1. Across region 211-246, what is the total count of residues that are more than 16 Å from ligand 1 (Cβ to nearest atom), in a loop (DSSP other than H, G, I, E, B) and under 24 Å from residue 12 (Cβ atoms)?
2. Could you tell me which of the residues 157, 193 is open to solvent by 60 Å² or more (accessible area, probe 1.4 Å), within 29 Å of residue 88 (Cα to Cα) and aromatic (Phe, Trp, Tyr)?
3. Scan region 109-121 and give yes if some residue there is within 16 Å of ligand 2 (Cβ to nearest atom), closer than 22 Å to residue 226 by Cβ, among the aliphatic types (A, V, I, L, M) and assigned to a strand (DSSP E or B), otherwise no.
4. Please enumerate the residues belonging to region 42-63 that are small (Gly, Ala, Ser), open to solvent by 30 Å² or more (accessible area, probe 1.4 Å) and outside any loop (DSSP other than H, G, I, E, B).
5. Inside region 196-210, can you point out the residues that are surrounded by 16 or more Cβ atoms within 10 Å (Cβ to Cβ) and in a loop (DSSP other than H, G, I, E, B)?
6. Does residue 132 meet the test of being within 14 Å of ligand 1 (Cβ to nearest atom) and either within 18 Å of the chain's Cα centre (by Cα) or open to solvent by less than 10 Å² (accessible area, probe 1.4 Å) (or both)?
7. Tell me the residue from 39, 11 that is open to solvent by 10 Å² or more (accessible area, probe 1.4 Å), acidic (Asp, Glu), more than 29 Å from residue 178 (Cα to Cα) and more than 16 Å from ligand 2 (Cβ to nearest atom), please.
Amino acid sequence: MVLIKSKDEIEKIRQAGKILKRVFERINPFVKEGITTEEIDQHTFQFICSEKAQAAFKGYKGYPASICISINEEIVHGIPSKRKLVPGDIVSLDIGINFNGYFADAALTLGIGKVSPAMKRLIEVTHDSLREAIRYALPYGHLGDISSAVQKFVEAYGFSVVRQFCGHGTGRFLHEQPEIPNFGVVGEGIKLYPGMVLAIEPMVNEGGEELEILDNGWTAVTKDRRPSAHFEHTVAITENGPEVLA
Ligand code: MF3
Ligand code: CO
């Protein structure tokens, strides 16, 4: 069942979104050559706590950290570790928070130092595919409009969308219905209504779509070990169109 949020609830998710935005702004300057991903996790946890919010991922199905940090061939759910960032890495940062009982979820991918033109392109296309998808988060449209927008955009550049992970509804719970695939057909899927809140999250591989899960049980990596990028926004569907909440 897809939960429809009231204006009051959307306002609470908007508050959570503002906090999440500040957390990202405070973390960004630390995401540089030489820092370990564990150190980034510690900063993230502190920034979330200082906002009187909770780290939504910590303990979720046993996930051990406040942030997912996925480097290069890692697609999503990278676990913070002693690994140090080096120039040329592309790093996806994915954070969810709970503030006063309402969730916001967002992700972005950054390059460390000078990254190759091909990696830059991958980041840019993934970013723009999300922007394109958000244009279709329209009342009385269909979920497939969003999914197909991502797929068409990404495939036009010769990249592939990951099929084994999806976006999702969010707000009262971190993960709600519906699942939002990054591939689909215009006009198909459930109808979209004002009050739906969607975490739309394209995961885009430079090479093939196939993935593997590492032995830690979490980290998804590309089977061909070519790089992958990830962006995510929490978006409300309103009578006036999409509103990006986080
Ligand atoms: N944004 C990712 C998702 O919605 C984060 C996973 S949360 C984790 O699936 F806690 F499972 F890591
Ligand atoms: Co998500």
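1. The initial filter retains those residues of region 211-246 that are more than 16 Å from ligand 1 (Cβ to nearest atom), namely 212, 215, 222-227, 236-243.
Pick out the ones that are also in a loop (DSSP other than H, G, I, E, B) and you get 215, 223-227, 239-240.
Subset that is under 24 Å from residue 12 (Cβ atoms): 239-240.
Residues flagged as more than 16 Å from ligand 1 (Cβ to nearest atom), in a loop (DSSP other than H, G, I, E, B) and under 24 Å from residue 12 (Cβ atoms) within region 211-246 amount to 2.
2. On the way: 193 fails: within 29 Å of residue 88 (Cα to Cα).
It is 157.
3. If we filter region 109-121 for residues that are within 16 Å of ligand 2 (Cβ to nearest atom), which is where we start, we get 109.
Going one step further and asking which of them are closer than 22 Å to residue 226 by Cβ, we end up with 109.
Filter again for among the aliphatic types (A, V, I, L, M), leaving none.
No, every residue in region 109-121 fails to be within 16 Å of ligand 2 (Cβ to nearest atom), closer than 22 Å to residue 226 by Cβ, among the aliphatic types (A, V, I, L, M) and assigned to a strand (DSSP E or B).
4. Here is the first cut: in region 42-63, the ones small (Gly, Ala, Ser) are 50, 53, 55-56, 59, 62.
So of that shortlist, the ones also open to solvent by 30 Å² or more (accessible area, probe 1.4 Å) come out as 50, 59, 62.
Those that are small (Gly, Ala, Ser), open to solvent by 30 Å² or more (accessible area, probe 1.4 Å) and outside any loop (DSSP other than H, G, I, E, B): 50, 62.
5. First, the residues of region 196-210 that are surrounded by 16 or more Cβ atoms within 10 Å (Cβ to Cβ): 196-207, 209.
Correct list: 196, 201, 202, 206, 207, 209.
6. Details: within 14 Å of ligand 1 (Cβ to nearest atom): no; either within 18 Å of the chain's Cα centre (by Cα) or open to solvent by less than 10 Å² (accessible area, probe 1.4 Å) (or both): yes.
No.
7. On the way: 11 fails: more than 29 Å from residue 178 (Cα to Cα).
Going through 39, 11 in turn, just one is open to solvent by 10 Å² or more (accessible area, probe 1.4 Å), acidic (Asp, Glu), more than 29 Å from residue 178 (Cα to Cα) and more than 16 Å from ligand 2 (Cβ to nearest atom): 39.
Residues are listed down the side, and each one gets a yes or a no for (1) under 17 Å from the mean Cα position of the chain (by Cα); (2) within 16 Å of ligand 2 (Cβ to nearest atom):
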residue: 145; (1), (2): no, no
residue: 148; (1), (2): no, no
residue: 177; (1), (2): yes, yes
residue: 183; (1), (2): yes, no
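The values are calculated or read from the model by the stated rules, or taken from the named source; none is laboratory data. All values derive from a computational prediction rather than experimental measurement. Cβ atoms come from the backbone with ideal geometry, glycine included; neighbour counts cover every protein chain shown. In case anyone asks, the SASA skips ligands and DNA or RNA and just uses the protein heavy atoms, side chains included. Shrake-Rupley method; radii C 1.70, N 1.55, O 1.52, S 1.80 Å.
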